[in-house]
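To keep things clear, I will list the structure first and then write my remarks on it.
We did not get these values from a lab; they are worked out from the coordinates using the rules stated. Note that the structure is a prediction, hence the values are computed from the model and not measured. For neighbour counting, all protein chains shown are included, and Cβ atoms are generated from backbone atoms with ideal geometry for every residue, glycine included.
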Amino acid sequence: MTDQQPMTIVDHLEELRRRILVVLALFVPLAIVGFFMSSPILSLLSPMTGPLVFFAPTDALAIRVKIAMVFATLLSVPVISYELWMFIAPAFSPSAKRGVAFGIISSVVLFWVGVAVGYAIMPAAMTVLLSFGGPGLQPVLNAQETLNFIFIMMMLFGLSFEFPLVLMILLALRIITAEGLRKFRSYAILLIVIVSAIITPTQDVFTLALMSVPLILFYEVVILLAPWVQRR
């Protein structure tokens, strides 16, 4: 028990506003830097995309703004993660609060690793997807749609790599159990495939596999670690 008074809804909203302002204080300068670095970033992506074209006078500006937003988001992840965890930490029990630092670091590392994996496999994914055109179809890639696809896939991989952390938090809070994870393994795998099919931006089996297979592997790893997590 503490002497602190419970926070009202207004107090929570005020704290949320303050934390959003902290994130924006970093995000906006990073977005400006990202805008001026959009050309090098496009050069970094060009090996996997080849020549890109745009079809409207405003497209080039919109593409550079989009690159700036993605750049700022990726580099703001540590602050976003910290502010989010600090906002929800008061809801945790004293024992659970000891894992907040681990949660902050793990969420940042897992997200960045996921983004890196998404970037690393993207050239192979683009090659496979474009190969379906065959000799009768030659690709002319729209910059807007192509970059949307690449950025969405990288972000989805980043978010999907948070999956094991979410499961471990639920295990630590005793919301789920190791036995429950094993018992519902088949249903979980089916649900993973369905959700992957919904959130992936294309309808091909290759992209579905790229998203669902890592999640299934994460689920199996968490099952192996579950007894250790629950003993702590």
Peptides ranked, highest mean first, by Cβ atoms within 10 Å: ranges 80-86, 181-187
80-86, 181-187
Sites THR127 and ARG185, calculated FRET efficiency, Cβ-Cβ separation with R0 41 Å, nearest 0.05:
0.80
Give me, ordered by chain and number, the residues 5 or more places off LEU141 or on other chains with an amide H under 5 Å from its own placed amide H.
VAL53
Helix 143-160 sits off the longest principal axis of the Cα atoms of the chain, rounded to the nearest 10 on a 0 to 90 degree scale, by 20 degrees
So how much slack lies between ILE175 and GLU145, counting 0.36 nm per residue of separation and subtracting their Cα-Cα distance, in nm?
6.8 nm
Classify the chain as rounded, prolate or oblate, taking a ≥ b ≥ c as the square roots of the eigenvalues of its Cα gyration tensor: rounded when a/c is under 1.5, otherwise prolate if a/b is larger than b/c and oblate if not.
oblate
Contour minus Cα-Cα distance for VAL195 and GLN138 (0.36 nm per residue)
17.4 nm
Gaussian network model of the chain, Cα within-10 Å springs - most flexible of LEU208, LEU110, LEU137:
LEU137
Any idea what angle helix 185-199 forms with the longest principal axis of the chain, computed on alpha-carbon atoms, 0 to 90 degrees, nearest 10?
50 degrees
Could you tell me which of rounded, prolate or oblate describes the stretch 162-232, using a ≥ b ≥ c as the square roots of the eigenvalues of the alpha-carbon gyration tensor, with rounded for a/c under 1.5 and, failing that, prolate when a/b is larger than b/c and oblate otherwise?
prolate
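How high is the FRET efficiency between PHE54 and ALA101 when r is their beta carbon distance and R₀ equals 41 Å, given to the nearest 0.05?
With a Förster radius of 41 Å, E is 0.35.
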